[in-house]
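Heads up, the thing below is written out as structure tokens.
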Amino acid sequence: MLDGVRRFHEQDAEVKREFYSRDITKRVFYNTHFNFHKASEVNWRDTLSCLLAPGPLDPHQLPSICRDVTIKYLDHVKKLALTLLELFSEALGLERSYLKDIDCAKGIFMLGHYYPPCPEPELTWGLSSHTDVGFVTILLQDLVGGLQVFYENQWIDVTPIPGAFIINLGNMMQLITNDKFISVKHRVLAQKVGPRVSVSCSLRQHVQDECQRMYGPIKELVTKENPPIYKEMKMSDLVKLAYTKELDDDVSLLKHFRI
Ligand SMILES: O=C(O)CCC(=O)C(=O)O
Ligand SMILES: [Fe+2]
């Protein structure tokens, strides 16, 4: 999959042009730094964005150079996603199928990132500090490194391990668990070495009309002592917000949904 993403980005600009767009209602689009016009520093990165689920996904919308591998990869990601949701449901003391049954794996949004070598890495980021929007992100990185997570008040390098996935919890998971699970802040350094390639698959619904389900803190997880701290909302509201705000250190967009 990493090779497929690399092949896409290393094509001539002329070939990639047909996918270039900043229209987030498209299922497949490619651009540089998604919130380019809002950001104070432009991230050193190009990204191919693909809404893979809910379907129907017309494979012909995917770039031909990474079409077959994306379809195969999606199959594996779906299986892993369901296993993870079962484990998280159990960890929360819920029925195994709880998170699947509330459609946490219904949406899969894939980002194929390409971070070229940066001549002046101290001036910007590969990807600014942020928390992910969805429920869970299944992230695959190559062996270059540069990803960091914020843990116990410091930035920690996530050293690449061949064949390993990084699983991040996102804002939606934090919202439905009423802060029992917290979404993790992370970033990618701009570096002189590269290119670096990564593929993140977020379990997240997007802005399409079919994604209108309301989410709030799970009833089984709230009590008198632990009352809901978030309002019911549609995930598309959060996604739209993520595309209009600048990523910054005060990252969680969840503050907009607090009661
Ligand atoms: O490139 C990476 O390792 C991180 C990507 C990421 O954080 C994201 O897609 O949300
Ligand atoms: Fe992320």
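Rounded to the nearest 500, the 222 nm mean residue ellipticity of the chain from helices alone is -6500 deg cm²/dmol, with -39,500 (n - 2.57) taken per DSSP H run of at least 4 residues.
Highest mean first, how do 92-100, 109-117, 127-135, 191-199 rank when packing is the count of other Cβ atoms within 10 Å averaged over residues?
Working: 92-100: 16.2, 109-117: 21.3, 127-135: 23.7, 191-199: 19.3.
The most tightly packed comes first, giving 127-135, 109-117, 191-199, 92-100.
Considering only Cys50, Cys118, Cys201, the Gaussian network model of the chain with Cα springs below 10 Å gives its largest mean-square fluctuation to Cys118. The value of relative contact order for region 22-168, using C-alpha pairs under 8 Å at least six residues apart, is 23 percent.
Springs between Cα atoms under 10 Å define the GNM used for the chain, and in it the highest mean-square fluctuation of Ile176, Ile108, Ile218 occurs at Ile218.
Computed over the chain with a Gaussian network model linking Cα atoms closer than 10 Å, the most mobile of Asn31, Asn226, Asn171 is Asn226. Between the Cα long axis of helix 67-91 and the first principal axis of the chain there is an angle of about 30°, rounded to the nearest 10. Against the chain, whose longest principal axis is taken from its Cα atoms, helix 235-244 shows a tilt of about 40°. Above 21 Å, the calculated P(r) of region 138-237 contains 49 percent of its Cα-Cα pairs. The Cα atoms of region 43-123 give a gyration tensor whose axes a ≥ b ≥ c have a/c of 1.5 or more with a/b no greater than b/c, which makes the shape oblate. State whether region 66-194 is rounded, prolate or oblate according to the following rule on the C-alpha gyration tensor (a ≥ b ≥ c being the square roots of its eigenvalues): a/c under 1.5 gives rounded; otherwise a/b larger than b/c gives prolate, and the remaining case gives oblate. It comes out oblate by the Cα gyration axes. Within a straight-line Cα-Cα reach of under 28 Å, Lys224 can be paired with the following lysines, leaving aside sequence neighbours fewer than 8 residues apart in one chain: Lys100, Lys180, Lys234, Lys255.
Coordinate-derived values only; no laboratory data. All values derive from a computational prediction rather than experimental measurement. Glycine also receives a Cβ, built like all others from the backbone with ideal geometry; neighbour counts cover every protein chain displayed.
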